[in-house]
There are 2 protein chains.
Amino acid sequence: MRYAVVGSGAVGGLYGGMLSRGGQDVHFLLRSDFDHVAQHGLRIDSVNGDFVLPKPNIYRRAQDMPCCDVVIVALKSTNNAMLADTLPHLVGEGGVVLTLQNGLDVEADSVAAVPGHGVLGGCCFLCSNKVGPGHIHHLDYGRIVFGGYEFAGRPEEIRDIGQRIVAEMTAAGIDVQWTDDLAAARWRKLMWNVPFNGLSVVLNASTDAIIGCLASRGLADRIIREVYQGAALCGVSIEESAIEKTMRHTETMVPYDSSMRLDYLHGRPMEVEAIFGSPLRAVAERLTQLAAETSEKLPHPMPSVRMLCEQLQFLDSRPAAASNLNG
Amino acid sequence: MRYAVVGSGAVGGLYGGMLSRGGQDVHFLLRSDFDHVAQHGLRIDSVNGDFVLPKPNIYRRAQDMPCCDVVIVALKSTNNAMLADTLPHLVGEGGVVLTLQNGLDVEADSVAAVPGHGVLGGCCFLCSNKVGPGHIHHLDYGRIVFGGYEFAGRPEEIRDIGQRIVAEMTAAGIDVQWTDDLAAARWRKLMWNVPFNGLSVVLNASTDAIIGCLASRGLADRIIREVYQGAALCGVSIEESAIEKTMRHTETMVPYDSSMRLDYLHGRPMEVEAIFGSPLRAVAERLTQLAAETSEKLPHPMPSVRMLCEQLQFLDSRPAAASNLNG
């Protein structure tokens with residue numbers, strides 16, 4: 001299949017690079033990094049082995065790119081506004097979008113951009129940062145779990161494409177898994193993103209520091225449990241052991257600056273809406289619905305998440321200069 | 001009456017200075033500022049008029065000071081450990097301690113240091129900072145509300161001393177008021193200190209910025225309400241209008257860096273225990289008591305306060321260098 005990658009940063013650069021190295025036909029849409037990559041190629045320093053793509057297929061504009069079978073959207077969700085103008089140029093007949101983005105319901109923008117096409121959503125469990133133009137540093141983990149979000153009335157066909165993506169990614173050395181329950185995968189990912197992205201910004205600390213202090217560790221643990229409860233309220237069933245597993249994974253992880261922390265330190269917009277606003281809204285809507293059905297008012301299951309969201313909204317609203325000062 | 005001032009910073013320097021200017025017999029215990037004040041005097045830049053005490057009575061050691069009728073303790077509560085060695089030298093026969101400190105039950109250390117003596121507790125509603133050695137900058141407000149904490153079996157006598165303090169402070173131009181309900185005054189003060197000290201550190205922002213953003217303003221408002229509920233649970237009755245009044249006061253206040261924020265930015269210990277730990281513990285004890293009495297488990301009325309406390313404990317535990325970096 002032919003692949004396009006929109007957003008060639010920590011996630012898109014790594015996976016697109018691996019597919020390309022594995023012999024797949026991959027086309028990258030670049031903006032600010034175009035000149036650098038044209039000269040020096042795409043460089044990936046990975047815990048699984050470093051490599052460079054000296055001459056990847058790169059483009060400045062979507063309209064110059066070929067139609068593709070799979071368009072990987074690995075933008076920050078704060079840039080989703082560009083999808084409406086971009087995706088229609090890239091998705092070929094019968095082609096699908098695969099969003100590798102953080103947060104809940106981030107696929108909705110892709111669905112709106114190319115109605116009638118299948119949209120798959122994927123969660124990436126990895127530690128990876130873009131450390132310079134066209135230069136990715138992949139530190140740890142790497143699994144993609146993806147599933148169907150919008151089947152466009154052709155579930156069998158979309159699932160088949162999903163299976164082909166699994167096969168081609170696996171052949172390229174990517175640790176990838178199909179799921180029939182994307183919502184559960186999303187919420188499971190939120191169980192990490194919400195506490196550790198959020199606290200790493202508000203406490204100005206990497207994951208090992210948060211885990212290493214009794215007070216913040218206790219807080220992180222409570223936030224993980226709140227997200228678990230939020231998922232349950234929304235009818236998403238996650239095994240309870242995921243709570244402890246999330247904490248254990250973080251303990252054994254390399255000291256890591258979350259993407260949200262890096263965004264904040266560099267004065268870039270943070271994915272507050274996708275990671276915090278969207279799940280909070282889903283829970284609030286479910287609470288309203290339940291209150292209407294049972295006329296019983298349940299307590300909000302995610303008070304700490306709400307507070308963390310408000311703190312991040314404040315920090316996100318400050319001018320970049322102040323953010324840098326704070327970093 | 002003869003006064004001693006222990007802790008000649010933003011609070012002790014201001015009020016001790018005003019008493020001294022007003023003709024009272026005031027004796028200051030100084031540490032690091034001794035040499036500077038000996039040379040240059042005590043300088044107070046106040047919204048109500050600047051003044052300098054060129055030759056205040058200053059001492060390096062408590063044992064060199066005369067016995068006093070009123071010992072004003074205006075230390076940061078994080079330095080309360082020194083009271084046990086200090087107060088016995090200063091409190092004369094029938095003398096009292098007046099603690100002008102933030103937090104709940106901060107008087108307990110003074111009671112333990114001079115058992116048998118009366119201890120008064122005071123809340124200061126003012127914006128004042130120490131901006132250099134022996135140099136206080138008083139920006140706004142200035143009221144002291146104080147009352148009895150430990151009557152040492154002689155309530156009438158202690159109240160009389162309280163009235164004399166009111167009279168002498170008033171004569172010195174201090175806005176001061178006696179209260180028969182110190183607990184209510186303490187909790188009312190916490191309604192400001194908890195949200196605005198706490199958020200100013202965690203969000204790295206002054207009060208006007210916190211008030212100016214919808215998300216953080218909503219959070220501050222919720223925290224104020226939680227403290228109000230905590231007080232009610234502890235049997236302390238505060239008029240409900242105090243909630244709105246706290247917010248309105250902060251709006252009309254000059255942009256202000258809380259003492260906790262300044263401590264944090266300068267890498268000094270923060271008063272997390274007095275302002276957050278102590279009221280949280282009081283509420284937890286009351287909940288346990290109620291649960292035993294009624295076998296009904298009430299929800300914790302201060303979840304946001306608890307979270308803010310954990311965040312501050314994390315930040316307080318970080319090395320000073322990291323704190324400064326964050327500032």
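Table for the structure above
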item	result
Failed item in (1) more than 19 Å from the chain's Cα centre (by Cα); (2) buried (at least 16 other Cβ atoms within 10 Å of the Cβ), with A:Arg248 passing the rest	(2)
Number of the condition not met by B:Met270 [criteria: (1) within 23 Å of the chain's Cα centre (by Cα); (2) assigned to a helix (DSSP H, G or I); (3) within 14 Å of chain A (Cβ to nearest Cβ)]	(2)
Residue count, the stretch B:147-166 (criterion: open to solvent by 10 Å² or more (accessible area, probe 1.4 Å) and either of a type outside the set (Gly, Ala, Ser) or outside the structural domain of B:Asp69 (by TED's automatic domain parsing) (or both))	13
Residue match in the stretch B:153-170 (condition: more than 28 Å from B:Val37 (Cβ to Cβ) and touching a helix residue (DSSP H, G or I) at 6+ places or on another chain (Cβ under 9 Å))	no
Cross-chain or 6+ apart pairs with Cβ under 6 Å, the stretch B:17-45 first and not assigned by TED's automatic domain parsing to the domain that holds B:Gly173, then outside any helix (DSSP H, G or I) and open to solvent by 40 Å² or more (accessible area, probe 1.4 Å)	none
Counted residues, the stretch A:15-46 - those being at pLDDT 95 or above, of a type outside the set (Gly, Ala, Ser) and assigned to a loop (DSSP other than H, G, I, E, B)	3
Some residue of the stretch A:216-224 being under 22 Å from A:Asp105 (Cα atoms) and at pLDDT 95 or above	yes
Criterion violated by A:Pro279 - all others in (1) under 16 Å from A:Gln313 (Cα atoms); (2) within 14 Å of chain B (Cβ to nearest Cβ); (3) open to solvent by less than 50 Å² (accessible area, probe 1.4 Å) satisfied	(2)
Residue match in the stretch A:298-311 (condition: over 20 Å from B:Glu310 (Cβ atoms), in a helix (DSSP H, G or I) and open to solvent by 30 Å² or more (accessible area, probe 1.4 Å))	no
Failed item, numbered, when A:Ala205 is tested on (1) open to solvent by less than 40 Å² (accessible area, probe 1.4 Å); (2) more than 19 Å from A:Tyr264 (Cβ to Cβ); (3) within 14 Å of chain B (Cβ to nearest Cβ)	(2)
Checklist (1) under 30 Å from B:Val52 (Cα atoms); (2) touching a strand residue (DSSP E or B) at 6+ places or on another chain (Cβ under 8 Å) applied to B:Arg159, failing item	(1)
Residues (in a strand (DSSP E or B) and surrounded by fewer than 21 Cβ atoms within 10 Å (Cβ to Cβ)) located in the stretch B:130-146	B:Lys130, B:Val131, B:Gly132, B:His135, B:His137, B:Leu139, B:Asp140, B:Tyr141, B:Arg143
Meets criteria (more than 9 Å from chain B (Cβ to nearest Cβ), closer than 26 Å to A:Ala282 by Cα and open to solvent by 40 Å² or more (accessible area, probe 1.4 Å)) for A:Asp257	no
Residue among A:Val26, A:Val5, A:Val52 that alone is in contact with a helix residue (DSSP H, G or I) (Cβ under 6 Å, 6 or more places away or on another chain) and under 27 Å from A:Tyr256 (Cα atoms)	A:Val5
Test: residue in the stretch B:222-231 that is of a type in the set (Asp, Glu) and more than 18 Å from the chain's Cα centre (by Cα)	yes
Total residues in the stretch B:216-245, condition of a type in the set (Asp, Glu) and either surrounded by 18 or more Cβ atoms within 10 Å (Cβ to Cβ) or at the interface with chain A (Cβ under 9 Å from one of its Cβ atoms) (or both)	1
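Residue-wise test of (1) touching a Gly at 6+ places or on another chain (Cβ under 8 Å); (2) open to solvent by 10 Å² or more (accessible area, probe 1.4 Å); (3) touching a residue at least 60 places away in the same chain (Cβ under 8 Å); (4) in a strand (DSSP E or B).
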{"site": "A:Asp85", "(1), (2), (3), (4)": "no, yes, no, no"}
{"site": "A:Pro88", "(1), (2), (3), (4)": "no, yes, no, no"}
{"site": "A:Val96", "(1), (2), (3), (4)": "yes, no, yes, yes"}
{"site": "A:Gly103", "(1), (2), (3), (4)": "no, no, yes, no"}
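Condition check ((1) at pLDDT below 95; (2) surrounded by fewer than 23 Cβ atoms within 10 Å (Cβ to Cβ); (3) within 14 Å of chain A (Cβ to nearest Cβ)) across all residues:
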{"position": "B:Glu168", "(1), (2), (3)": "no, yes, no"}
{"position": "B:Gly173", "(1), (2), (3)": "no, yes, no"}
{"position": "B:Val176", "(1), (2), (3)": "no, yes, no"}
{"position": "B:Asp180", "(1), (2), (3)": "no, yes, no"}
{"position": "B:Arg186", "(1), (2), (3)": "no, no, no"}
{"position": "B:Lys189", "(1), (2), (3)": "yes, yes, no"}
{"position": "B:Val194", "(1), (2), (3)": "no, no, yes"}
{"position": "B:Val201", "(1), (2), (3)": "no, no, yes"}
{"position": "B:Leu214", "(1), (2), (3)": "no, yes, yes"}
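The values are calculated or read from the model by the stated rules, or taken from the named source; none is laboratory data. Everything numeric in this text was worked out from a predicted model, so none of it was measured. Every residue, glycine among them, receives a Cβ derived from its backbone with ideal geometry; neighbour counts consider all protein chains shown. With ligands, DNA and RNA removed, areas are computed over all heavy atoms of the protein, side chains included. Shrake-Rupley method; radii C 1.70, N 1.55, O 1.52, S 1.80 Å.
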